[in-house]
Amino acid sequence: MSEQAGPILDGLGITLDLGDGDLVASAMVVAKVVRADGQVTLLIEDSEGMTWLDQYGLIAAASDLIRSPSFERDEDD
């Protein structure tokens with residue numbers, strides 16, 4: 001069964017801090033999913049036209065950002 005990610009991400013409180021004129025060029029969602037039988041799995045979905053190289057680049061850049069000492073996480077999490 002496929003579902004639109006928007007309502008799911010909204011329910012998880014996911015937001016993007018975009019400025020006026022900002023354009024999201026592509027996106028990828030990485031989700032930890034607990035199946036009905038209790039099995040835990042990882043799902044990755046991306047925007048149309050994204051290649052595996054684009055996926056790898058986004059994951060590598062995000063990993064570097066998260067590990068950066070200047071990365072700030074919301075204290076509400």
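Table for the structure above
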| read-out | value |
| --- | --- |
| Neighbour-limited loop hits for chymotrypsin sites (Phe, Trp or Tyr not before Pro), the stretch 5-77 (at most 14 other Cβ within 10 Å; DSSP other than H, G, I, E, B) | Phe71 |
| Calculated P(r) tail over 16 Å for the stretch 17-77, as whole % of Cα pairs | 65 |
| Relative contact order of the chain, pairs being alpha-carbon contacts under 8 Å that are 6 or more residues apart, as % | 18 |
| Extension reserve of the Val24-Thr41 stretch, reckoned as 0.36 nm per residue once the Cα distance is removed | 3.4 nm |
| Mean accessible surface per residue for the chain, computed with a 1.4 Å probe while every protein chain stays in place, in Å² | 94 |
| 0 to 90° range, to nearest 10: angle between helix 52-67 axis and the chain longest Cα axis | 70 |
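The values are calculated or read from the model by the stated rules, or taken from the named source; none is laboratory data. If you're wondering where the values come from, they're calculated on a predicted model, not measured in any experiment. So basically every Cβ, Gly included, is an ideal-geometry build from the backbone, and we count neighbours across all protein chains shown. Side chains are part of the model used for accessible areas, which takes the heavy atoms of the whole protein and leaves out ligands, DNA and RNA. Shrake-Rupley method; radii C 1.70, N 1.55, O 1.52, S 1.80 Å.
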